[in-house]
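Since every read-out is calculated from the coordinates, none of them should be taken as a lab result. Because the structure is a prediction, the values reported are computed rather than measured. Here the Cβ is made from the backbone with ideal geometry for all residues, glycine too, and neighbour counts use every protein chain on show.
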Amino acid sequence: MKKLLLPLLWISPVALAQSLPPPAPLSPPVVTTPASPAPPASGEEARVPGFSAGTLGLEFGLPSGGGPTIGGSYFLTPNGALRVDLGLGANFAPSPASFAFSLEVGYRDYLATFGKLRPFVEPGLFVNETPPSGNSANTAFEFALEGAVGAEYFILEHFSFGIKTGLSLAFASNGNTAVSLTSGTSALFGELLW
């Protein structure tokens, strides 16, 4: 009987082990890490935090240097915005009334970020038409290539004050053609971005 019982005891566990499915492999422990921000799509470090392609801005030129203007910004990249400014002027005395306009188009490229201060360079084109004045009976028309440097200081996350100045190569005509290289008057502005 002992001889019969020992092989049975041996065969039973082996047969049972062969009929069961193999055990599942042990999975490694789950480790969680804090999420980090995704890198910018272009591969370069974003230099203007919080702004992305498609951000819009409304800018008001303050009447302290240069003429008062109103303009808009459209961020093409996180670091650069297409800019358009429009200036209008009217003189009602002496009669007859006269009107003037200016249009400026540029690209503002932010160079770095120093806390809330963001310096930039801004190449652009400028067109200006002014009514006859002084001894001239002709309307003056001016076209200029510009280069400006400036900085914005963000007092709130989406509101800044800034200043810019630069050089322009101007081509003017009011019956005579003139070419001049001038430095720009410092312009103050405020900008709201969303």
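Once a ≥ b ≥ c are taken as the square roots of the eigenvalues of the Cα gyration tensor of region 56-193, is the result rounded (a/c under 1.5), prolate (a/b larger than b/c) or oblate (a/b not larger than b/c)?
prolate
Sorted by mean Cβ packing within 10 Å, highest first, what order do the peptides 107-120, 90-103 take?
Values: 107-120: 15.6, 90-103: 11.6.
So the order, starting with the most tightly packed, is 107-120, 90-103.
Between region 95-130 and region 167-194, what is the C-alpha centre distance in whole Å?
Centre-to-centre distance over Cα atoms comes out at 8 Å.
Between I163 and I70, what is the spin-label point distance in nm, taking each point 7 Å from the Cα along the Cα→C-beta axis?
2.6
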